[in-house]
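Let me begin by presenting the structure, written as structure tokens, before commenting on it.
The values are calculated or read from the model by the stated rules, or taken from the named source; none is laboratory data. All of these numbers come straight from a predicted model, not from anything done at the bench. All Cβ positions, glycine included, derive from the backbone under ideal geometry; neighbour counts span all protein chains shown. The area values use the complete protein model at the heavy-atom level, side chains included, leaving out ligands, DNA and RNA. Shrake-Rupley method; radii C 1.70, N 1.55, O 1.52, S 1.80 Å.
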Amino acid sequence: MPTDPTHFGGSIELARRVRRHCDVPLMRKEFFRSVHQMDESLEAGFDAVQLSLGTVSDPELFAALRSRAEQIGLEVVVGAHGKEQLLRAIELGAGVIGLNNRDITALELDGGTVSESESLIPMVPDGVLVISESSMLTSADVVRAAQAGADGVLIGTAVARSADPVGWLRSLRGLAECSR
């Protein structure tokens, strides 16, 4: 979940409230700028952080963030958009890669398609988990991501805009499992 209040309307306090009410794994997706944010993530109840290559472009900062997250037991998802970033994530030895179907650095809102994941997933080595992120506006998008080989999906805007978010998510579960 994003905690950036300016671009995504999130906050650390909102994350704490979510954690108090549910025990599913939570991943913080953020514009990380300091190692302190890894400790903040753990304290707020996150289980994982996504370090996006497009927003953490300094290799030294990326390494420091990743090292601290792993030291304190957070799962690290390496975020990538496009072939160049995907190859970098693979080179870094990422165990989990979040393939963003939109360019987070351009602050694109969901409106694209899962075609980015469809074209890049075949390049991911066996044993690396892939999360297809963003542009999941319909159940057909989730099915396409699953058929392309995604191990999971990250859905934000469609859930937030749904009149029945819980029902919308429940309807996807069986669809995605049947499409594999």
Pairs please, first residue from region 1-15 and among the hydroxyl-bearing types (Ser, Thr, Tyr), second anywhere and modelled with pLDDT of 85 or more and open to solvent by less than 60 Å² (accessible area, probe 1.4 Å), Cβ atoms under 7 Å, 6+ apart in sequence or on different chains.
3/11; 3/12; 3/15; 3/28; 3/30
Based on what the data block shows, is residue 47 at pLDDT 95 or above, of a type in the set (Asp, Glu) and under 29 Å from residue 138 (Cβ atoms)?
yes
If residue 135 meets every condition in (1) more than 26 Å from residue 32 (Cβ to Cβ); (2) within 15 Å of the chain's Cα centre (by Cα); (3) modelled with pLDDT under 85 apart from one, which number is that one?
(1)
When you go through (1) in contact with a strand residue (DSSP E or B) (Cβ under 8 Å, 6 or more places away or on another chain); (2) without any contact (Cβ under 8 Å) to a residue 40 or more places away in the chain one by one for residue 68, which number turns out not to apply?
(1)
Would you be able to say whether some residue in region 65-76 is within 25 Å of residue 159 (Cβ to Cβ) and in contact with a Ser or Thr (Cβ under 9 Å, 6 or more places away or on another chain)?
yes
Could you tell me which of the residues 137, 120 is buried (at least 20 other Cβ atoms within 10 Å of the Cβ) and farther than 16 Å from residue 28 by Cβ?
120
Quick one: in region 16-56, which of the residues that are touching a strand residue (DSSP E or B) at 6+ places or on another chain (Cβ under 7 Å) and of a type in the set (Asp, Glu) is most open to solvent (accessible area, probe 1.4 Å)?
47
List the residue pairs whose Cβ atoms are under 8 Å apart, where the first residue sits in region 155-180 and is closer than 23 Å to residue 102 by Cα and at pLDDT below 75, the second is aliphatic (A, V, I, L, M) and open to solvent by 90 Å² or more (accessible area, probe 1.4 Å), and the two are 6 or more positions apart or on different chains.
157/109
Subset of region 85-108 (residues that are within 14 Å of the chain's Cα centre (by Cα), at pLDDT 95 or above, buried (at least 16 other Cβ atoms within 10 Å of the Cβ) and more than 13 Å from residue 121 (Cα to Cα))
94
